[in-house]
Every structure is written in C-alpha cells, then in structure tokens.
C-alpha cells in the first residue's frame with residue numbers, strides 16, 4: 001500500500017483550502033477573508049486538496065453503487081424515494097465548487113511553473129469525476145461549467161459528449177506525465193511514479209470503453225488494443241487506491257467505514273445479506289477479511305432462539321417473493337440486513353457483523369466473537385479501491401464473452417479472482433492481534449477457485465448463457481467490495497447477476513437507472529430541470545430492462 005499515514009502531515013494544511021468551496025455551483029462573488037486568493041495559492045496545496053477531496057468523493061459514490069448491486073446493504077423499500085435530490089448536494093458541490101474550481105485555479109500556476117505532473121494528475125482526476133458524474137446522473141454541465149461570471153447557469157452537455165471530453169483530458173494527462181517535470185509534494189496514489197499514472201490513465205480508458213460499449217461499436221476493439229499494448233494496471237502492485245490514516249481526532253483520517261463501525265456504541269453499518277450469503281455458500285476465502293462477526297450466533301439460525309428486541313425479522317416468515325433467497329439472517333453468526341430493509345435501529349451495535357480488515361482496516365475475523373471498539377484491528381488505515389488490476393481482468397473476461405471465447409473469459413476471470421484474493425489476504429497484517437491460524441490456506445484458496453471454474457464450465461457445457469454471466473458477475477462484484485461503482489455500471493449494461501436478492505418490498509418500483517439531479521443544481525440553475533423519475537437511463541445504458 002502506498003503513502004500509508006502520509007495523510008497526517010497535510011490534512012490540517014489543506015483544510016484551509018476547503019473554505020474556498022461554495023455550497024452550490026453558483027459562484028459566490030463575496031470575498032472570503034479566510035480563503036487564499038488565487039495569486040496566493042500554492043500549486044502543491046491545491047494539489048493536496050484535489051487529491052484528498054477525490055478520495056472521499058470516490059468512496060461516497062462507491063457506497064451508492066454498492067448498495068444497488070447488493071454488495072452493501074440498501075435501506076430503501078421504494079427505489080423512487082430512497083435517494084432524494086438533496087442526497088447528492090454535497091457530492092455535486094465537491095465536484096463542481098470543490099475539485100473543478102481547485103483544478104481551474106491550479107492550471108495557470110502549474111503551466112507557468114512547468115509543473116506537468118500537477119497538470120497530469122489534475123486532468124486525470126477531472127476526467128474520472130466527469131465520467132462518474134455521467135454514470136450516475138446522465139447529462140451534466142461540463143463545457144459551460146466553472147466559467148464564473150461568464151455563465152451562472154451552465155447547460156448540461158450530453159453524456160456522450162462529456163465522455164468524449166474526458167477521454168481527451170486523459171490523453172492530455174498522459175502527455176503531461178510523459179513530459180516529466182517536478183513531482184508533486186504529496187502524491188497520495190503513486191508516490192511520484194509518472195509511469196504508474198500513465199497506466200492509470202490507460203486503465204481509466206479501459207473502464208470508459210467497457211462501460212460505453214453498448215453504444216460505441218468500436219469500444220471493445222479499442223479496449224482490446226489497450227490490453228495488447230500492456231501499459232495499464234495489470235499488477236496489484238500498481239492498483240490505484242487511497243490509503244487512509246489512523247488519527248481519530250479532528251480531522252479524522254481513518255477509513256470512513258472504520259469510523260462508523262468501531263465506536264463506543266458498536267457498529268454503524270449493516271452488511272449485505274446477499275453478499276455474505278453468496279460468500280458463505282461458496283466458502284469464499286475473503287470472507288474473514290471482509291466481515292468481522294461480533295457474535296457467534298444469529299437469532300433464528302442454527303437452532304438459536306429468535307430475538308424480538310435485536311432482530312425482529314427472526315420471528316417473521318420470509319415474504320412470498322423471497323422463495324429460494326436468504327431472509328433476515330445467516331448461519332455462523334453472519335448478522336446483516338436484507339436488501340430494502342427499512343426498519344429502525346435496535347440495540348444490536350455489538351452483535352451485528354461489521355467491516356473487517358479489508359478494505360476498512362478493522363479486525364480480521366479469527367472467531368473471537370466479541371464486540372469491537374475504536375482502535376481495534378488496523379485502526380482504520382485501510383484503502384478506498386479506485387481502479388484495480390483484478391477489475392481489468394474481469395473486464396477482459398467480459399470482452400472475451402462478447403467475442404464468444406468462453407475459454408479466454410474463464411482464464412481472465414480466474415486471474416482476476418486470484419489477484420483479488422491475494423490482495424485481500426495481504427491486509428491481515430494490519431490487525432496485530434489476529435490469530436492467523438484462521439486464515440484460509442493455499443489449499444482452501446485453490447479449492448474455491450476450482451469451484452468457481454467448475455460452475456463456469458458447467459454453464460458453458462450446458463449452453464447456459466445466464467449461468468456463465470452470473471458466475472462472472474457475482475465474482476466481479478465480490479472483488480469490488482469497498483467501491484461498487486463498477487458493479488452498478490456492469491449490472492445496468494448486462495443485467496447480470498440476474499439472481500440477486502430481491503427488495504423486501506414486493507413492488508419497489510422501477511430500478512434506479514440514474515440518480516435524481518441534486519437539489520442545489522436544479523434549484524439554483526435556471527438551465528436545469530429535474531428528471532421525471534429515476535428510471536431515466538444514461539447515454540450508454542441500452543442494456544437489460546428487467547433490473548430489480
């Protein structure tokens with residue numbers, strides 16, 4: 001992991017810069033006496049602010065995508081009402097009034113100083129953010145955004161146009177990285193390695209190409225061309241991720257999931273019943289790293305008595321439409337919540353399953369079955385995954401399936417699985433109290449991979465397209481624990497897995513194909529109008545229609 005704990009030395013400094021950010025995309029013309037003026041701003045301070053804002057921004061969107069893909073628990077029984085427009089106000093402001101404004105302020109300073117690395121990083125981040133905005137919202141302001149007094153009401157660009165602009169920015173970023181120049185004072189992602197940044201740029205292209213392949217006939221060919229070139233994130237050593245710190249005092253530098261789960265009142269998150277069940281049924285070797293069980297039994301499971309106070313659904317029958325799906329609880333103490341469960345919070349903070357050592361740097365599950373507190377495990381020095389070598393393998397498997405090459409797809413899928421397992425197991429060392437005798441050994445890892453391969457082969461032999469796409473999709477989703485944005489995209493463009501746990505509500509309404517526009521965009525911009533509903537698709541989403 002790169003730049004471990006380096007965040008400490010700069011958080012307090014860059015905190016000053018956050019005062020420059022506005023709460024909406026409308027420019028605040030008043031002078032802020034506490035903010036640095038543009039002629040006073042340091043390129044390195046601006047670069048720090050952009051990098052740190054980017055990490056939190058990616059983490060927050062990854063949570064939304066993970067919920068809808070059943071990687072994380074989703075609390076809404078009706079899709080239309082679960083995320084309100086105001087849900088995204090902070091994310092929108094962070095992009096437009098935060099990162100984009102800081103990047104705009106940085107550009108002339110970096111150009112004047114010949115700071116190509118600063119320009120390369122800032123253009124990469126702007127491209128990634130722009131692509132993600134399109135993936136979640138559809139058409140968004142870009143060409144007219146951040147013009148200050150020239151345009152207070154920027155119009156939205158078509159999503160395809162924003163994608164094209166982002167791809168051009170990536171090419172510009174590659175040019176800057178190849179030009180050399182002074183390193184940034186704090187590179188939180190690749191420690192000043194320009195070659196690694198070029199690999200990240202090409203990997204972002206891979207992501208965009210695979211995402212938009214349904215509407216771009218040349219996307220898969222362009223994807224394969226980059227793969228043939230080899231200059232992308234192919235090794236986990238080159239993974240793009242942000243490493244959090246261990247400081248609990250303000251500013252809190254710990255992983256956000258650790259902050260929520262390791263507290264004086266117990267866990268703050270619920271884990272997804274769907275994901276835990278899939279990993280439990282398949283004896284996934286990553287299970288003890290992803291999840292920490294605070295309790296050995298789940299009420300209503302394995303002969304344990306139901307418990308009205310802590311798990312009310314343990315006294316209920318599964319709804320009729322849940323036939324064949326897990327409901328309420330799982331065996332062996334895996335205590336989470338079903339997709340769409342909107343119940344209140346019972347006194348289960350020290351009973352529910354919480355985040356483990358990956359990616360949040362909590363505790364490795366060595367069957368101690370005890371409540372966890374602040375400071376336990378890896379103290380929060382985990383990571384937010386952004387682009388991983390394992391993801392490239394799963395995209396490559398997708399491309400192979402599209403080309404009718406099941407054998408190549410299986411090879412790529414198993415390569416992605418192997419990289420994911422190895423990466424996750426490497427996090428055990430973050431928990432100094434862990435009993436590593438509970439860690440799955442090489443034989444267990446091999447047995448799991450063999451079982452995945454056998455399931456894929458069985459589907460191919462039977463000519464079961466649903467079967468082989470489901471295997472690929474489920475394994476891809478497991479590898480994306482910690483950032484579900486790519487899973488949300490995959491689900492919309494392919495319709496797989498088509499065996500996800502349903503919403504508890506029998507009729508939850510149309511699945512969310514894109515998010516409501518933020519309230520602080522539609523309420524302050526006369527060029528903007530709200531969507532009629534959340535079933536509106538983004539430009540590349542012409543795939544499956546039966547999402548749920």
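For the chain, the normalised intensity computed at q = 0.09, 0.11 Å⁻¹ comes to -0.66, -1.01 (log10 of I(q)/I(0), Debye sum over alpha carbons, equal scatterers, no solvent).
If you bin all the Cα-Cα distances of the stretch 256-494 at 10 Å, starting from zero, the percentages per bin are 7, 31, 34, 22, 6, 0.
Annotation for the stretch 96-113 versus the stretch 122-172: alpha-carbon center distance of 15 Å. In the chain, the longest principal axis of the Cα atoms and the axis of helix 159-179 are about 70 degrees apart. By definition, a body whose alpha carbon gyration tensor gives a ≥ b ≥ c is prolate when a/c is 1.5 or more and a/b is larger than b/c, and the stretch 238-373 fits this prolate description. The length gained by stretching the chain between residue 441 and residue 281 to full extension, at 0.36 nm per residue less their Cα-Cα distance, is 55.8 nm. Entry note, the chain: the mean residue ellipticity at 222 nm calculated from DSSP H runs of n ≥ 4, each adding -39500 (n - 2.57), is -13500 deg cm²/dmol after division by the residues and rounding to the nearest 500. Between the Cα long axis of helix 116-137 and the first principal axis of the chain there is an angle of about 50°, rounded to the nearest 10.
When each of the peptides 334-341, 510-517, 425-432 is scored by the mean number of other C-beta atoms lying within 10 Å of its residues, the order from highest to lowest reads 334-341, 510-517, 425-432.
Here each label is just a point 7 Å from Cα along the line to Cβ, and for residue 248 and residue 150 those points are 4.9 nm apart. Can you list the residues of the stretch 77-121 with backbone N under 11 Å from a point 7 Å past the Cα of residue 510, pointing along Cα to Cβ? Residues 80 qualify, since their backbone N sits under 11 Å from the label point.
Quick check on the stretch 117-276: take the gyration tensor over C-alpha atoms, sort the square-rooted eigenvalues as a ≥ b ≥ c, and tell me if it's rounded (a/c under 1.5), prolate or oblate. Walk me through the numbers on the way to the answer.
Details: a/c = 1.42, a/b = 1.32, b/c = 1.08.
Cα axes put the stretch 117-276 in the rounded bin.
The calculated FRET efficiency for residue 179 paired with residue 308, based on their beta-carbon distance and R0 = 51 Å, is about 0.20. With angles folded into 0 to 90 degrees, how steeply does helix 219-229 sit against the dominant principal axis of the chain? Use alpha carbons for both and round to 10. Around 90 degrees separate the two axes. The distance separating the Cα centre of the stretch 370-449 from that of the stretch 268-310 comes to 19 Å. Using only alpha carbons, the stretch 384-438 has a radius of gyration to Kirkwood radius ratio (Rg to Rh) of 1.18. Please label the shape of the stretch 416-548 as rounded, prolate or oblate, based on the square roots a ≥ b ≥ c of the eigenvalues of the alpha-carbon gyration tensor (a/c under 1.5 means rounded; beyond that, a/b larger than b/c means prolate, else oblate). Oblate shape, in that a/c is at least 1.5 and b/c is the bigger or equal ratio.
Computed from label points 7 Å out along Cα-Cβ, the spacing between residue 530 and residue 191 is 4.9 nm. Its Cα gyration tensor gives the stretch 196-241 an equivalent ellipsoid, and the semi-axes of that ellipsoid, as √(5λ) in whole Å with the largest first, are 20, 11, 7.
Taking the average, over residues, of other Cβ atoms within 10 Å as the packing measure, peptides 41-50, 261-270 rank 41-50, 261-270 from highest down. Subtracting the Cα-Cα distance of residue 546 and residue 498 from 0.36 nm times their residue separation leaves 16.4 nm of extension gain.
Every number in this text was worked out from the coordinates using simple rules, so none of it is lab data. Since we're looking at a predicted model, the values are computed, not measured. So basically every Cβ, Gly included, is an ideal-geometry build from the backbone, and we count neighbours across all protein chains shown.
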